[in-house]
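A.B. asks: Handing you a structure now.
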Amino acid sequence: MANSNNKVKLAVALLCYNNRDLLEQFLPGVLSTTEQNPDVKVFVIDNASTDTTQDYLQSFRNKIEIIKIEENKGFTNGYKLGLSQIDAEFYCLLSSDVQVSDKWVEPVIDLFDKETNLGVVQPKIKSWHRKDEFEYAGASGGFMDYQCYPFCRGRIFYEVEKDQGQYDSNEEVFWASGACFFIKADLYHSSGGLDDDFYAHMEEIDLCWRIKNLGHSVMVCPASVVYHVGGAVISYGSPQKVFRNHRNNLIMMTKNLPSSQVFGLILLRLFMDGLAFANMLFRGEAKSSFSIISAHWSYFYSLPRWMSKRRSIQSKITHHSITGVYPKSIVLDYFLRGKKRFSQLDQNWLK
């Protein structure tokens, strides 16, 4: 492991691939907010970049640790190989397209110190393009409805809210965004970490689900604020995004749902995906709609693999956590009942 003789409290692990422009824009800000803190060390995991990323990183060689991956096999694999070389008490998985604010680390570490059972923390994530709004992928903490549709406190489907301080309380959530993802290092490894079969998208939800089922909590800490560009790994709305969304959600459900629910909810999800396919086709989004079909084929083709993973995961579960699971259908609430904002949902389910 890198730094094995000098274990740090927090390792900020920034994964990059052919995005020197983003590093030039955001890496100095990360360093300026952490370099005076002896408990924090910045590691840049270069996922086999072929541009001039390495040349740029060398200018910071006295301030950062550089881990070079020889072959790019995806977002999840980059972290799998990179984090195995870092010795720390906590990891912060930080996307290269994130701008941090002053004192973004300290509130999170304080929360970890106070909550002994805490496994994962996410800061409040706002849009870099529209800094008064939440960012699509994370906002002020992630939740999931009983049908396994993810949404956020501050973003439901296409509705992204402005941040007016309405979601500034620390709360236990169901999942934390991979854009800025704090986790206890030993828990990351003991839980199996990010699933390399996901490649990218929903891998952090899957990991949080496993961690919650092992008896640990996931929280959002809005006192820590970062700004996310978004869409740097897979563009929002692209056919590839649609494919990963539908395929990975099915894999995640297969692995983590209790036996009493897994068969029925996957059948329901396949039906709902059929409706989504018809809707996209009606809107003229043929390429994206057929990505749903491709996702289903890919899922069923490797179903024995997902079932093998399920058996391994289910054997370790201490209890099936439902904290952060909305007991109603977020699809019906949003599209039929007009509930576009998190605050419009029945708040009793959070108690």
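A.B. asks: With +1 on the Cβ of every Lys and Arg and -1 on the Cβ of every Asp and Glu, and nothing else charged, how large is the dipole of the chain about its Cα centre, in debye rounded to the nearest 20?
C.D. replies: Charge dipole of the chain: 1080 debye, to the nearest 20.
A.B. asks: Specify the angular offset, from 0 to 90 degrees and rounded to the nearest 10, of the alpha carbon long axis of helix 203-213 from the longest principal axis of the alpha carbons in the chain.
C.D. replies: On a 0 to 90 degree scale, this one is about 80.
A.B. asks: Label S169 and N348 with points 7 Å out from Cα along Cα→Cβ: what is the distance between them in nm?
C.D. replies: Simple spin-label model gives 1.7 nm for this pair.
A.B. asks: List every residue whose amide H lies under 5 Å from the amide H of D163, counting only residues 5 or more places away in sequence or on a different chain, with H placed 1.01 Å from N in the peptide plane.
C.D. replies: E133, F134
A.B. asks: What FRET efficiency comes out for R130 versus E106 if R0 is 30 angstrom and r is the Cβ-Cβ distance? Round to the nearest 0.05.
C.D. replies: 0.70
A.B. asks: So who's got an amide H within less than 5 Å of the one on F43, skipping anything under 5 residues away but keeping other chains? H placed 1.01 Å off N, in plane.
C.D. replies: For F43, the qualifying residues are V12, A13, L14, E65.
A.B. asks: Give me the angle, in degrees from 0 to 90, between the Cα long axis of helix 239-256 and the longest principal axis of the Cα atoms of the chain, rounded to the nearest 10.
C.D. replies: 80
A.B. asks: Remind me, relative contact order of the chain in percent, using alpha carbon pairs under 8 angstrom and six or more residues apart? Mind showing how you got there, number by number?
C.D. replies: On the way: 650 pairs, mean separation 64.0, N = 351.
The normalised contact order for the chain reaches 18 percent.
A.B. asks: Also, quick follow-up: Whole-Hz ³J(HN,Hα) for each residue in segment 217-222, computed from phi via Karplus 6.51 cos²θ - 1.76 cosθ + 1.60 with θ = phi - 60°, x for glycine and proline: what do you get?
C.D. replies: Calculated HN-Hα couplings, in order: 9, 10, 10, 10, 10, x Hz.
A.B. asks: A further question follows. Using 0.36 nm per residue of separation minus the Cα-Cα distance, give me the extension gain between A278 and R61 in nm, one decimal.
C.D. replies: 72.9 nm
A.B. asks: Only bridges whose two residues both fall in segment 9-228 count here: according to DSSP, what percent of them are antiparallel, nearest 5?
C.D. replies: So the antiparallel bridges in segment 9-228 amount to around 45 percent.
A.B. asks: For segment 292-299, just list the computed ³J(HN,Hα) in residue order, Karplus coefficients 6.51, -1.76 and 1.60, θ = phi - 60°, integers in Hz, with x standing in for Gly and Pro.
C.D. replies: Result, rounded to whole Hz: 5, 4, 4, 4, 5, 4, 4, 4.
A.B. asks: Hey, another quick one. On a 0 to 90 degree scale, rounded to 10, what angle separates helix 20-34 from the longest Cα axis of the chain?
C.D. replies: 70
A.B. asks: I would also like to ask the following. What is the total of Lys pairs in segment 23-174 with C-alpha atoms under 18 Å apart, excluding same-chain pairs fewer than 8 positions apart?
C.D. replies: So the count works out to 11.
A.B. asks: Take peptides 274-281, 300-307, 70-77 and line them up by average Cβ neighbours within 10 Å, highest first, as a rough protection proxy.
C.D. replies: Ranked from most to least packed, the peptides come out as 70-77, 274-281, 300-307.
A.B. asks: Filter the chymotrypsin sites (Phe, Trp or Tyr not before Pro) in segment 198-267 down to the DSSP loop ones having no more than 11 other Cβ atoms within 10 Å, then list what survives.
C.D. replies: Listed in order of number, the matching sites are Y236.
A.B. asks: Considering the chain as a Gaussian network with a 10 Å cut-off on Cα pairs, which listed residue, S308, S321, S191, attains the greatest mean-square fluctuation?
C.D. replies: S308
Bear in mind these aren't lab numbers, they're just calculated from the coordinates by the rules spelled out. Small disclaimer: the values here were computed from a predicted structure and weren't measured. Counting neighbours? That spans all protein chains shown, and the Cβs are built from the backbone with ideal geometry, glycine included.
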